[in-house]
Structures are given as C-alpha cells and as structure tokens.
Number of protein chains: 2
Amino acid sequence: MDRVLAGAAGLAVWATLLCNAASLAYFLRGYVVEASRRRRRGCVARSGEDDVALRPEDEDPDHAVALAPDAVLSLELGDPTMYEAFWREVGGRAATVIRGWQAMSYVSDDAALCWFLEPELEREVRRLHRVVGNAVVDGYHLVVGTGATQLYQAAMYALSSTASGGKPVPVVSPAPYYSSYPPQTDLQLSGFYRWAGDANTFAGGERIELVCSPNNPDGAVREAVVAGGKAIHDLVYYWPQYTPITGRAAHNIMLFTVSKITGHAGTRLGWALVKDPEVARKMVYFVDRSTIGVSKESQLRATKILGVVSDAYETPPAGDSGATVPRLFDFARRRMEERWRTLRATVAASGAFSLPEETAGHCNFNKRTVTACPAFAWLRCEKEGVEDCAEFLAGHKIVARGGEQFGGDARCVRINMLDRDQVFDMLVQRLSAI
Amino acid sequence: MDRVLAGAAGLAVWATLLCNAASLAYFLRGYVVEASRRRRRGCVARSGEDDVALRPEDEDPDHAVALAPDAVLSLELGDPTMYEAFWREVGGRAATVIRGWQAMSYVSDDAALCWFLEPELEREVRRLHRVVGNAVVDGYHLVVGTGATQLYQAAMYALSSTASGGKPVPVVSPAPYYSSYPPQTDLQLSGFYRWAGDANTFAGGERIELVCSPNNPDGAVREAVVAGGKAIHDLVYYWPQYTPITGRAAHNIMLFTVSKITGHAGTRLGWALVKDPEVARKMVYFVDRSTIGVSKESQLRATKILGVVSDAYETPPAGDSGATVPRLFDFARRRMEERWRTLRATVAASGAFSLPEETAGHCNFNKRTVTACPAFAWLRCEKEGVEDCAEFLAGHKIVARGGEQFGGDARCVRINMLDRDQVFDMLVQRLSAI
C-alpha cells in the first residue's frame with residue numbers, strides 16, 4: 001500500500017473522507033468534542049422519588065460541541081472514545097442502574113478465591129471469551145483488577161515476591177514496548193522486581209517477561225523471547241477488531257481490559273486469567289492490599305456491557321419484526337478497517353511517513369481473512385532532517401507519544417487510532433497537508 | 001457505665017434488644033444475611049430497549065435470607081452494611097443510572113490538576129464538608145483515589161519519593177494502629193518508604209507519621225506525636241455519627257472515604273484534601289501510574305449518594321405535604337448510640353470484658369454534647385487465663401481481629417460495629433452468654 005502512486009492515494013484519501021462524512025453521519029450524530037478540554041457534565045441521570053427512568057434531558061449536553069479547525073489533536077493516550085458511537089446506537093439496553101443500597105459490601109463472595117469479584121461479572125467474562133474464542137477459560141482462575149494496569153503489577157508481585165536471592169527480579173519486554181511498563185514497574189522502586197529494559201538485549205538469567213500481543217505500540221503479534229520462562233501475557237488487544245483471532249490463547253497469566261474491548265476506559269476494569277491457583281491467590285492479595293478489591297460499580301457496569309456484547313452474537317437474528325441488534329466487533333472492525341485504509345493511503349500519498357507493513361490472517365471469529373488493524377499507528381517520519389517525529393507533529397498540532405518512550409526510535413511516534421471520528425478525520429487531513 | 005450492677009445491666013441489654021426488635025423492624029425489613037457466605041445476586045437491573053426504569057423483580061433477591069442461630073459472625077472486616085437499611089429507606093432517589101455511552105474516557109477534565117476527578121464529584125465533596133463542618137476545603141486540592149487505601153500509598157509516595165539519602169523513609173503510627181498500615185506500607189518493599197512501627201517508641205529522625213483520628217481500632221482522638229513533621233491525617237472516621245465534630249480540620253494531607261460516611265465500601269472511593277499543590281500532583285501521578293485514575297462509575301455513584309446526603313440537610317423541612325427526608329447522620333448516630341449503649345451494658349454485665357472509657361464532647365454539627373461511638377469496639381478480655389481474646393471469641397463463633405495485629409495486646413480484639421442489625425444483635429447475645 002505504501003507504494004501506491006501519491007496522486008492516486010491522495011484521491012483515495014479524500015474519497016474515503018467524503019464517504020465517512022456521508023455513511024457515518026448515522027453514527028456520528030454530532031457528539032464531537034473540544035479536544036483541548038474534554039470536560040463532561042451531567043453524567044448522573046436525575047431521578048424521581050421512586051423510579052429511575054431516564055428522561056430526554058439526561059442526554060449528554062456536550063454532544064453538540066464542535067471541534068475547532070485549529071484544535072490541538074490529543075492522540076497521545078489510547079483513549080477509545082470511538083466506541084461512544086456504538087453505545088449510543090445500542091441505547092437504553094446498555095444502561096446500568098444501581099440502587100442506593102446495592103453492592104455496598106467490600107465482599108462479593110467470601111468463599112471464592114477472588115472474594116471481591118462479582119459472580120455475574122465472572123460469568124459474563126467467561127461467556128465472552130467463549131463467544132470470541134480468543135482465550136481458554138476452563139481450568140483458569142479469574143482475578144479482577146482496577147484495569148489491566150493494576151493486574152500487571154499484581155502479576156509481577158505474584159511472580160517475584162517469593163523469588164530467592166533477595167534481589168529484585170529483572171522485568172523485561174522486547175522494544176518497542178508499551179511506554180508505561182518502565183514507570184509502572186519502578187513506581188515504588190520495589191524490592192521484588194525492577195525494570196531491566198529490552199528483552200532482546202537482556203543478558204541475565206532469571207527474569208519476568210512482559211509479552212504484549214498484539215503489541216503496543218506497533219501491533220506486532222509476539223511470542224515470548226524466552227520460551228518457558230516467567231511471563232505475563234498482556235493480551236488487551238487480542239480481540240477481533242484489531243487482529244485475526246487465530247486460536248485460543250492458553251498462557252499462564254493473561255491480562256484483558258474492557259477499555260480495549262468495548263471502549264469503557266473510564267471503568268478501570270480488567271481481569272487476569274491465571275492457571276496456577278497460588279499465583280492467582282497472590283494477585284488477589286496484592287489487589288486487596290493496594291485497593292481492597294475493585295469498584296463494584298465498575299463490575300456491575302462491565303457485567304451489563306459485556307452481556308450486551310455477547311447477546312448480540314448469541315441471540316438469533318430478528319425475523320420480520322425487524323430491528324437488527326448492533327454488534328460490537330462488527331462495528332469496530334468496520335470502523336478500524338476504514339481508518340487503516342484511509343491512514344495507509346494518506347501516508348503513501350504524503351511520502352513523508354511510513355507505517356509497519358500491513359499483515360493479514362484467517363480470523364476464526366470473523367470466519368474470513370482479515371487485516372491487522374492495530375489500536376495505535378506506529379508512524380515513522382521519513383522526512384529529511386526530522387529527528388524527533390513527536391516534536392515535528394506537535395508543530396502541526398498533533399500530539400503523539402515519541403518513540404524513545406517505547407525504547408524505540410525518536411523518528412517514530414505512537415498515534416491513537418481509537419479517538420472520535422471527527423478527531424481521526426482531522427488527523428488525516430493534517431497529515432495529508434504535510 | 002462499666003460499674004453498673006451486673007443484674008441491672010443485663011436487664012438493660014435485653015430491654016434494648018427487645019426495643020431494637022420492635023422499633024427497628026421498620027428499617028430491618030428482613031434483609032439479613034447468611035454471614036458465612038455473603039453472596040449477592042442480580043444486582044444489575046435489567047432494562048428495556050429504551051427505558052431503564054426499575055421493576056419490582058429488580059429488588060435484591062437475597063433480602064429474606066435469615067442468619068442461622070449457629071452462624072459464624074464475621075466481624076473482622078469493617079464492612080459497613082448497617083447503612084443498607086438507610087439507603088433502602090431513601091429508595092429510588094439514591095439510584096444511579098449510567099448510560100452505555102457515558103463516562104467512557106480516561107479523562108474527566110484534562111485541564112485540572114486531578115484530571116481523572118469528575119467535576120460533579122468534586123462539587124459534592126466540597127459541599128458535604130461544608131455541610132458537616134469537619135474539614136477546611138478552601139485552598140485545598142482534591143485528589144480522588146480507589147479508596148483511602150490507595151491515597152494513603154499515594155501520600156507516602158508523594159512525601160518520600162523526593163527524600164534525600166536514598167534510604168527508605170520510616171513510616172510510623174502510635175500503637176494501637178490500623179492493622180493494615182504495616183502490610184500496605186511494605187507491600188512492594190518500596191525503596192522510598194518502609195514501615196517502622198510504633199510512633200511512640202520510634203527513635204529516628206525523619207519519618208512519616210500516620211495520624212488516624214478517631215483512631216482505628218480504639219476510637220481515640222489523636223494528634224501527631226511529632227508536631228510539624230511529615231504527617232498523613234487519616235480522618236475517615238471524623239464524621240458526626242462516630243465522634244463529636246469539634247472543629248474544621250486543616251492538616252496538610254487529610255484522607256476520607258465514602259465507605260465510612262455512607263457505608264458504600266464496595267464503591268472503593270476516597271479522596272484526599274491536600275494543601276501543597278506539588279504534593280497533590282505527586283499523588284495524582286501515583287494514582288495515574290498505579291491504576292490510570294479512578295473508576296468513573298464509582299465517582300458517578302458517589303456524586304449521587306453524597307448529593308442525597310447533603311440535600312437532606314440543606315433542603316428546608318417538608319410542610320403539610322408531609323414525608324420527611326431520611327437524614328444519614330441522624331440515622332447513623334441514633335443507630336450507633338443504641339449499639340454502644342447495648343454493648344457497654346453487655347460488657348458491664350458480663351464481667352469478662354472491658355472497653356475503652358466512654359468519652360463525650362460538644363458536636364458543632366449535632367449542636368449538642370454527644371458521646372463517641374467508634375466504628376469498632378476495642379474489646380479487652382478480662383477473663384482469668386485468656387491470653388488470646390481473638391482465639392477465645394472464635395470459640396464462641398465470633399470472628400474478630402486480634403490485638404497484636406494493631407501493635408497492641410493479644411488480650412484485645414477489634415470488633416466491627418457497623419454490620420447489619422441481626423449480626424450485631426447476635427453478637428450481643430453471644431457476649432451476654434459468656
């Protein structure tokens with residue numbers, strides 16, 4: 001795709017943008033955002049004395065705020081706001097209602113290994129993995145956490161706190177690695193584990209390897225550098241909108257998060273599938289000591305949201321009665337394919353940038369060959385004289401994360417591919433103009 | 001009270017229990033619990049296509065499960081389930097409704113110091129402190145956390161991560177101290193801070209002091225052992241149901257949590273009032289790195305719940321139209337006074353136990369002299385030959401936390417005073433029978 005003639009590619013970009021403007025207007029419905037200041041208001045629905053029905057005025061008052069033509073595009077975080085369009089489409093069926101007296105206790109099930117995990121959430125998580133076929137769940141323990149971030153720390157703790165030698169266990173990941181791994185690992189200068197950099201150049205013996213697949217930032221499908229060692233598999237992007245589902249993963253510790261499945265990043269809800277019950281128990285201990293469990297509200301909402309996702313694939317299609325049920329992975333794959341097609345055409349046309357080569361594979365879930373559509377673009381600046389791509393793009397009001405933060409090249413940046421349509425469209429326009 | 005004649009006191013206990021049974025039946029409504037297995041089900045209300053009204057079948061299906069006469073009473077945690085009765089009384093006005101598309105972003109307000117704090121929650125927190133008069137809020141920064149637990153770690157991090165010398169800063173608290181302080185402090189064997197035990201016997205120089213007031217486990221009102229040093233004020237029990245509000249606290253770092261105010265422990269939502277913006281920024285950094293912010297669902301629910309609490313004190317009393325609005329602090333103080341009266345009479349009658357002496361003071365909020373009614377009873381076993389009170393009580397199917405865990409005496413135990421009525425009543429019956 002990178003070799004398509006610049007003129008033709010440029011034409012393709014504008015055609016796609018026009019197409020977006022027309023066919024996606026249905027989803028867009030104007031809930032765009034002032035990117036430099038994403039203040040939200042009025043999120044708690046008011047309710048009457050004894051009923052809690054939503055009223056029209058409970059709709060998001062910000063949904064008509066337009067993005068200014070010279071707005072700074074904040075694409076540094078992986079904020080998955082693209083998914084708002086889907087959940088508006090789903091409507092009231094996806095709403096979560098929590099009574100004042102519900103879920104007040106610390107405890108969800110004090111007989112369970114993970115005593116703060118809501119049993120309904122556990123059921124929905126296992127069901128979703130079965131629907132998608134991306135991970136083995138039978139024989140695995142489920143540990144819930146405040147995002148995959150907390151579980152990643154819990155897993156490092158579980159794998160290192162009983163290590164012999166009294167020295168911190170080195171933690172490594174092949175570069176380019178997720179930029180938050182180093183600062184999260186060394187946040188407290190733990191006596192149990194310590195960041196040790198690129199797994200490919202690490203020369204020591206015992207280590208914990210973080211295997212992110214598909215990889216953040218570059219979308220690569222990865223296996224552990226050292227097979228059979230202590231590893232934490234960060235599979236938060238192993239979902240059918242981002243990558244072909246080629247089989248059920250069955251690693252010792254696998255991390256997932258609702259953020260990257262359904263777009264509910266603010267929910268801060270992740271889970272780990274853990275083979276060894278002792279490791280699971282230590283992870284539970286870590287989550288207990290660091291936050292005394294995980295928000296019940298987040299769990300109740302994730303239960304509802306994941307249930308809606310699975311229902312759409314398990315419920316037989318509607319007959320004459322008509323309305324089709326929105327299906328999350330269909331929505332997100334369609335959107336991601338469009339965005340990647342557009343971005344690749346733009347990059348090819350510009351000549352100033354390059355992207356990792358497009359890959360594809362048979363997806364067991366989609367039952368067809370699909371391209372990889374990573375949640376981030378790992379964009380390399382090929383322009384003469386540009387050494388720092390993040391700085392260069394900042395001059396064009398595009399805020400991206402610089403490559404050195406990922407243990408990589410400063411000529412690369414990571415760009416969020418999951419922002420709202422209007423932000424993505426403006427990104428493409430600005431890249432085209434460079 | 002401890003010196004009242006055993007016979008008279010015994011009579012008083014049974015009279016109070018009878019009184020409870022009658023006058024509290026209104027609140028009780030049978031939502032008692034199988035203490036050995038607190039599984040909850042069906043917490044997410046089902047909803048129709050485009051409306052999210054609650055239906056009668058969405059009520060808690062467990063509310064009629066009775067406590068078996070020989071049930072183990074789990075009073076080791078500080079689970080504040082006593083408050084469920086209040087929130088049932090409030091009804092639908094306290095329900096939180098969250099649409100599928102709401103609060104999906106990581107970001108609440110990216111221009112704010114605490115960018116993951118929902119602005120509505122900040123307003124309600126400041127309003128509640130003004131209503132109660134227990135803490136100065138003007139000139140303070142608000143940092144939200146996954147419970148006071150996370151904020152306590154964030155505060156230690158903020159106070160120690162820039163300390164000179166490269167050695168962990170000692171963390172101390174006067175015994176008896178909250179039993180979770182040592183394991184939480186040393187969870188990761190941080191290079192920045194390290195648990196150093198009883199503040200009263202600590203001989204070193206630089207230290208961080210944890211000042212819990214009223215104190216967990218014994219309810220004592222405390223000041224820092226070393227005035228003017230680095231201190232974290234854990235004020236989670238400084239609310240009018242537990243202690244007289246004698247003035248607005250104005251320490252450098254003050255921690256609070258909804259758990260101990262409204263009983264929503266499962267919400268995992270706390271906040272810190274922080275004077276120094278640099279300390280606040282470091283705390284925000286810690287929460288960002290450890291969990292990328294705080295559950296938006298918890299924040300939305302806390303916003304709703306705290307709003308209902310403040311409304312009841314700020315709204316003028318209803319006229320002829322009638323229904324009085326339930327008032328949280330009135331409910332909880334009444335309940336706590338009854339429980340403490342009952343427990344003190346029971347202990348006096350038994351002769352086998354003792355409690356810290358009752359204290360009282362003028363409460364600016366209640367506008368009268370009130371007794372201290374701590375959230376825990378710090379019970380001492382005075383029985384000949386009993387060296388380990390927790391073990392002794394376990395023999396009577398009362399699970400309490402042993403005194404050594406608080407840096408104190410094994411003849412003492414900490415007993416939760418905030419469990420449901422039926423559990424408390426059974427506790428009193430069992431203590432009476434010893």
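Out of the residues in the stretch A:142-152 that are more than 7 Å from chain B (Cβ to nearest Cβ) and either in contact with a Ser or Thr (Cβ under 6 Å, 6 or more places away or on another chain) or buried (at least 22 other Cβ atoms within 10 Å of the Cβ) (or both), state the one that is nearest to A:LYS367 (Cα to Cα). I'd like the intermediate steps shown before the answer.
Residues of the stretch A:142-152 more than 7 Å from chain B (Cβ to nearest Cβ): A:142-145, A:148, A:151-152.
Filter again for either in contact with a Ser or Thr (Cβ under 6 Å, 6 or more places away or on another chain) or buried (at least 22 other Cβ atoms within 10 Å of the Cβ) (or both), leaving A:143-145, A:148, A:151-152.
Details: A:VAL143: 30, A:VAL144: 30, A:GLY145: 32, A:ALA148: 28, A:LEU151: 32, A:TYR152: 32 Å.
Here the answer is A:ALA148.
Filter the stretch A:81-105 for residues that are within 7 Å of chain B (Cβ to nearest Cβ), open to solvent by less than 10 Å² (accessible area, probe 1.4 Å) and touching a helix residue (DSSP H, G or I) at 6+ places or on another chain (Cβ under 7 Å) and give the result.
If the condition is that a residue be within 7 Å of chain B (Cβ to nearest Cβ), open to solvent by less than 10 Å² (accessible area, probe 1.4 Å) and touching a helix residue (DSSP H, G or I) at 6+ places or on another chain (Cβ under 7 Å), then A:TYR83, A:TRP87, A:VAL90, A:ALA94, A:THR96, A:ILE98, A:GLY100, A:ALA103, A:MET104, A:SER105 are the ones that fit.
Take the residues of the stretch B:127-141 that are open to solvent by less than 40 Å² (accessible area, probe 1.4 Å) and out of contact with any Phe, Trp or Tyr (no Cβ under 8 Å at 6 or more places or on another chain): which is nearest to B:LEU235 (Cα to Cα)? Break it down into steps so the answer makes sense when it comes.
Here is the first cut: in the stretch B:127-141, the ones open to solvent by less than 40 Å² (accessible area, probe 1.4 Å) are B:128-129, B:131-135, B:137, B:140.
This time we only want the ones that are out of contact with any Phe, Trp or Tyr (no Cβ under 8 Å at 6 or more places or on another chain), so: B:128-129, B:137, B:140.
Values: B:LEU128: 14, B:HIS129: 12, B:VAL137: 14, B:TYR140: 15 Å.
Looking at the filtered set, the residue picked out is B:HIS129.
State which residue is surrounded by the fewest Cβ atoms within 10 Å (Cβ to Cβ) when the search covers only the stretch A:374-419 and only residues that are of a type in the set (Val, Ile, Thr) and outside any loop (DSSP other than H, G, I, E, B).
Within the stretch A:374-419, the subset of a type in the set (Val, Ile, Thr) is A:386, A:398-399, A:413, A:415.
Among the residues that remain, those that are also outside any loop (DSSP other than H, G, I, E, B) are: A:398-399, A:413, A:415.
Working: A:ILE398: 22, A:VAL399: 19, A:VAL413: 32, A:ILE415: 26.
Step by step, filter the stretch A:374-419, then rank; the result is A:VAL399.
Using the structure shown, decide if A:ASP62 is more than 8 Å from chain B (Cβ to nearest Cβ), in a loop (DSSP other than H, G, I, E, B) and either open to solvent by 10 Å² or more (accessible area, probe 1.4 Å) or at pLDDT 95 or above (or both). It would help to see each step written out before you state the result.
Details: more than 8 Å from chain B (Cβ to nearest Cβ): yes; in a loop (DSSP other than H, G, I, E, B): yes; either open to solvent by 10 Å² or more (accessible area, probe 1.4 Å) or at pLDDT 95 or above (or both): yes.
Answer is yes for this residue.
Suppose the filter is farther than 26 Å from A:ALA199 by Cα, among the aromatic types (Phe, Trp, Tyr) and within 21 Å of the chain's Cα centre (by Cα); does A:PHE365 pass it?
Working: farther than 26 Å from A:ALA199 by Cα: yes; among the aromatic types (Phe, Trp, Tyr): yes; within 21 Å of the chain's Cα centre (by Cα): yes.
Against the criterion (farther than 26 Å from A:ALA199 by Cα, among the aromatic types (Phe, Trp, Tyr) and within 21 Å of the chain's Cα centre (by Cα)), A:PHE365 qualifies.
If we keep just the residues of the stretch B:70-101 that are free of Cβ contacts under 8 Å to residues at least 60 places away in the same chain and of a type outside the set (Val, Ile, Thr), which is farthest from B:GLN422 (Cα to Cα)? Step through it out loud before you land on a result.
So the first thing to find is which residues in the stretch B:70-101 are free of Cβ contacts under 8 Å to residues at least 60 places away in the same chain, and the list is B:91-92, B:97, B:99-101.
From the residues that got through so far, the ones that are of a type outside the set (Val, Ile, Thr) too are B:91-92, B:99-101.
Values: B:GLY91: 21, B:GLY92: 25, B:ARG99: 36, B:GLY100: 38, B:TRP101: 40 Å.
Once the filter is applied, the top-ranked residue is B:TRP101.
Spot the failing condition for B:TRP101; the list is (1) under 23 Å from the mean Cα position of the chain (by Cα); (2) part of a loop (DSSP other than H, G, I, E, B); (3) among the hydrophobic types (A, V, I, L, M, F, W, C), and only one is missed.
(1)
Just wondering, is there one or more residues in the stretch A:202-212 that are modelled with pLDDT under 95, at positive phi and surrounded by fewer than 23 Cβ atoms within 10 Å (Cβ to Cβ)?
Pass one, the stretch A:202-212, residues modelled with pLDDT under 95: A:203-206.
Remaining after also requiring at positive phi: none.
No, that holds for no residue.
Among the residues of the stretch B:176-207 satisfying the criterion of being more than 14 Å from every other protein chain (Cβ to nearest Cβ) and in contact (Cβ under 8 Å) with a residue 40 or more places away in the chain, which is nearest to B:GLU358 (Cα to Cα)? Don't jump to the end; show me each part of the working.
We begin by selecting, within the stretch B:176-207, every residue more than 14 Å from every other protein chain (Cβ to nearest Cβ); these are B:176-177, B:196-207.
Add one more test, that the residue is in contact (Cβ under 8 Å) with a residue 40 or more places away in the chain, and what stays is B:176-177, B:197-198, B:206.
Working: B:PRO176: 18, B:TYR177: 19, B:GLY197: 27, B:ASP198: 24, B:GLU206: 35 Å.
That would be B:PRO176.
Condition check: surrounded by 24 or more Cβ atoms within 10 Å (Cβ to Cβ) and either of a type in the set (S, T, N, Q) or touching a Cys at 6+ places or on another chain (Cβ under 8 Å) (or both). Does B:VAL171 satisfy that? Show your work before the answer.
Details: surrounded by 24 or more Cβ atoms within 10 Å (Cβ to Cβ): yes; either of a type in the set (S, T, N, Q) or touching a Cys at 6+ places or on another chain (Cβ under 8 Å) (or both): no.
Judged against the criteria, B:VAL171 is not a match.
The values are calculated or read from the model by the stated rules, or taken from the named source; none is laboratory data. Keep in mind that what you see is a predicted model, and the values were worked out from it rather than measured. So basically every Cβ, Gly included, is an ideal-geometry build from the backbone, and we count neighbours across all protein chains shown. Ligands, DNA and RNA are stripped out before the accessible areas are found, and what is left, the full protein with its side chains, is counted by its heavy atoms. Shrake-Rupley method; radii C 1.70, N 1.55, O 1.52, S 1.80 Å.
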